[in-house]
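K.L.:
Have a look at this one.
The values are calculated or read from the model by the stated rules, or taken from the named source; none is laboratory data. No experiment lies behind these values; they were computed from the predicted model shown. As a convention, Cβ positions derive from the backbone with ideal geometry for all residues, glycine included, and neighbour counts pool all protein chains shown.
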Amino acid sequence: MTNMPADFDDEDEVEDFKPLTAQEASVWRSRFPQVSVWRIVVVQAMAAVVVTLLSWLVTGRASVGWSAGYGALSALVPTALFARALAKQQPDSSGAAMARIFGWELVKLVLCIAMLVAAPKLVPNLSWLALLVGLIVVMKTYWIAFLVRSGVRKTEA
């Protein structure tokens, strides 16, 4: 008898699990090609430029543009560092790989927070609202990269 959580009372789901065959896995990989982490970084960089320029043009104040740009960089720089770490990752045990991913995610989070804490000293006439807009736009841009990724093939029924 295996130890299951108290709220897990449907053992049929576990017994019905069937791993993919090599052919099924190949079909799945062809339908869902791997997305490059660098592509996501590039899309985020383009979003950073757009949000910086738009905030400057809409308000007419360079300080707002700098604030939005710094907020965008506060998300972009840690993401680029994380992408570099993932790209250099060597294949090994899944436990070690997950530990490294979580470790780099922690580095990413700490770097982002450190950049935000340093913002008042680095950006003259800081606009916190513009900084947050730049940060949020760049943080959420990766969803656009996933949604519009090329190469996802629809199944023909």
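K.L.:
Where residues in the stretch 112-153 are of a type in the set (Lys, Arg) and surrounded by 12 or more Cβ atoms within 10 Å (Cβ to Cβ), which of them is modelled with the lowest pLDDT?
P.N.:
Residue satisfying both the conditions and the ranking: ARG149.
K.L.:
While we're on this one: Being surrounded by 10 or more Cβ atoms within 10 Å (Cβ to Cβ) and either at positive phi or at pLDDT 75 or above (or both) is the filter here; which residues of the stretch 2-31 pass it?
P.N.:
Within the stretch 2-31, LEU20, GLU24, ALA25, SER26, VAL27, TRP28, ARG29, SER30, ARG31 qualify.
K.L.:
Pairs, please: C-beta under 7 Å, at least 6 apart or cross-chain, first residue under 18 Å from SER127 (Cβ atoms) and in the stretch 37-63, second small (Gly, Ala, Ser) and assigned to a loop (DSSP other than H, G, I, E, B)?
P.N.:
From the stretch 37-63, the pairs are SER63/SER127.
K.L.:
Are there any pairs with C-beta distances below 8 angstrom linking a residue in the stretch 106-127 that is under 10 Å from SER67 (Cα atoms) to a residue that is surrounded by fewer than 14 Cβ atoms within 10 Å (Cβ to Cβ) and at pLDDT 95 or above, with the two at least 6 apart or on different chains, and if so which?
P.N.:
LEU126/PRO120
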